[in-house]
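Undergrad: Following this message is one structure expressed as structure tokens.
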Amino acid sequence: MGLMPIIDHAAKHGLVINLEDIFRSFTFDSTCLLVTGYDPSCLSLELPQVLFSKAMNDFGQAILYRHVRPRSFTKLQKWLNVGQEGKYKKAWKVLDDILAEYICQKRKEANKLIQELVSVDDVDLLTSYITEKESTGLKCDDKFLRDNALNMITATTDTTSTALTWFAWLVSKHPIVENKIIEELESKIPIGETKRRRLFNVDEVKNLVYLHGALCEALRLYPPAPLNHKEPVKPDMLPSGHPVHPKTKVLFSVYSMGRMKSIWREDCYEFKPERWINERGEIKHEPSYKFLSFGAGPRICLGKETSFIQIKAVASTLIYNYRIHVVEETPVVPAVSIVLHTEYGLMTRISKRWE
Ligand code: HEM
């Protein structure tokens, strides 16, 4: 099922829905489709608990604990197969088994395509790895395919849905920003087509300046990957003069850096899309070492541009067609997690702006 039919259904029946879960199921389905060619159909009215998705959550949680607990404690849990490490092992088995099945099926389908000399444009990632093996020279064994599929699903799913969640929440709390986004969207629509239901495509939204600023602001205040770490390959020195040994891991909080007055000025706690617009009304580009939500340097996020486009298309369609009313009884606060999920979800009521 698509995202908009679900939102429409919730609006029509006055349901309270957890938008974070809905975004998560949506990004999970679309990423699985892109990577494996299969739609796990997590996005439906019932939001079924999908084994793969649950395993991904347990997996991420266990990895977070590895970073904050003494190594000896983790080792003991691993040895006894209990606690977070016990969960990790079970989750890994689920992911490994499901992906092995997908890969086996993909190999059969891809071999058929090769034998029948069918052109393989617009196919999923696994099929293109298998069919293009000769030209890329990559060793496409099962482990390579599994690791690449898992890497892509992990990198894409929760980051994108988390960005959408905080963006939707911030916009719903800032009606002036919400109106400016709608005004900007209307300025791109032919006059006779305004004030009625509309879906926006990638070309219509990719150059919107105010929407871009609002999204960057959400990513600055609520970076989906709130912590990052680096280790130098050879002895190095920080600008502060502190030496860093190659075995030293430097952990930094992207979340805190997005809220430092010394980096983002006195108004750093405010949600101000204008921060990202220059005097000429164009997008103001900030260096990636300052705006760290996608990382920086040689390992910067490979999906940065793709995710901007995807989020803009979804966010504009959502904001233009619906009003999001956040349910006040459920606080919206960050959870302690490797990805900046909310602790209690984003519980909302939705109403349509127009038919
Ligand atoms: C709002 C959405 C996203 C955010 C906030 C985000 C953030 C990040 C961050 C912080 C890193 C680590 C960079 C570093 O280590 O310095 C990363 C890596 C990566 N991201 Fe994203 N990401 C997003 C969406 C995506 C999407 C949609 C894709 C795929 C199309 C993607 C693919 C990757 C890959 C492949 C890497 C690993 C790059 C490497 O290690 O060389 N990301 N991302």
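The values are calculated or read from the model by the stated rules, or taken from the named source; none is laboratory data. This is a predicted model, so every value here is computed, not measured. All Cβ positions, even for glycine, are placed from backbone atoms using ideal geometry, and neighbour counts span all protein chains on display. Heads up: the accessible areas ignore ligands, DNA and RNA and are worked out on the full protein's heavy atoms, side chains in. Shrake-Rupley method; radii C 1.70, N 1.55, O 1.52, S 1.80 Å.
Undergrad: Could you list, in sequence order, all residues of the stretch 197-209 that are at pLDDT 95 or above and over 17 Å from Ala163 (Cβ atoms)? Before you say what the answer is, go through the steps one by one.
TA: Of the residues in the stretch 197-209, the ones at pLDDT 95 or above are 208-209.
Matches in the stretch 197-209: Val209 only.
Undergrad: Something else about it: Pull up the stretch 291-345, narrow it to residues that are part of a loop (DSSP other than H, G, I, E, B), open to solvent by less than 30 Å² (accessible area, probe 1.4 Å) and over 25 Å from Gln61 (Cα atoms), then point me to the one that is farthest from the ligand (Cβ to nearest atom).
TA: Taking the candidates together, the pick is Val327.
Undergrad: Where in the stretch 156-243 are there helices (runs of 4 or more DSSP H), lying fully within it, with 2 or more residues that are within 22 Å of Arg353 (Cβ to Cβ) and in contact with a Leu (Cβ under 6 Å, 6 or more places away or on another chain)?
TA: Per the criteria, 175-186.
Undergrad: Here is a further query. Residues in the stretch 246-285 that are within 16 Å of the ligand (Cβ to nearest atom) and either among the β-branched types (Val, Ile, Thr) or without any contact (Cβ under 8 Å) to a residue 24 or more places away in the chain (or both): how many?
TA: Final tally of qualifying residues: 4.
Undergrad: When you go through (1) more than 21 Å from Leu164 (Cα to Cα); (2) open to solvent by 80 Å² or more (accessible area, probe 1.4 Å); (3) in contact with a Ser or Thr (Cβ under 9 Å, 6 or more places away or on another chain); (4) not acidic (Asp, Glu) one by one for Gln84, which number turns out not to apply?
TA: Failed condition: (2).
Undergrad: Let me ask something else about it. Tally time: how many residues in the stretch 136-169 are farther than 13 Å from Thr31 by Cα, among the β-branched types (Val, Ile, Thr) and either surrounded by 20 or more Cβ atoms within 10 Å (Cβ to Cβ) or in contact (Cβ under 8 Å) with a residue 40 or more places away in the chain (or both)?
TA: Residues meeting the conditions: 2.
Undergrad: Give the residues of the stretch 1-44 that are acidic (Asp, Glu) and open to solvent by less than 30 Å² (accessible area, probe 1.4 Å), sorted by residue number.
TA: Glu20, Asp29
Undergrad: Tally time: how many residues in the stretch 220-238 are within 9 Å of the ligand (Cβ to nearest atom), closer than 27 Å to Trp276 by Cα and open to solvent by 30 Å² or more (accessible area, probe 1.4 Å)?
TA: Of the residues in the stretch 220-238, the ones within 9 Å of the ligand (Cβ to nearest atom) are 223-225, 228-230.
Right, trim to closer than 27 Å to Trp276 by Cα and you get 223-225, 228-229.
From what is left, the residues that are open to solvent by 30 Å² or more (accessible area, probe 1.4 Å) are 225, 228-229.
Matching residues across the stretch 220-238 total 3.
Undergrad: A follow-up question, please. For residues in the stretch 87-124 being over 30 Å from Tyr65 (Cβ atoms) and of a type in the set (A, V, I, L, M), which is least open to solvent (accessible area, probe 1.4 Å)?
TA: My answer is Ala110.
Undergrad: Something else: On the basis of being in contact (Cβ under 8 Å) with a residue 60 or more places away in the chain and charged (D, E, K, R), does Lys93 make the cut?
TA: no
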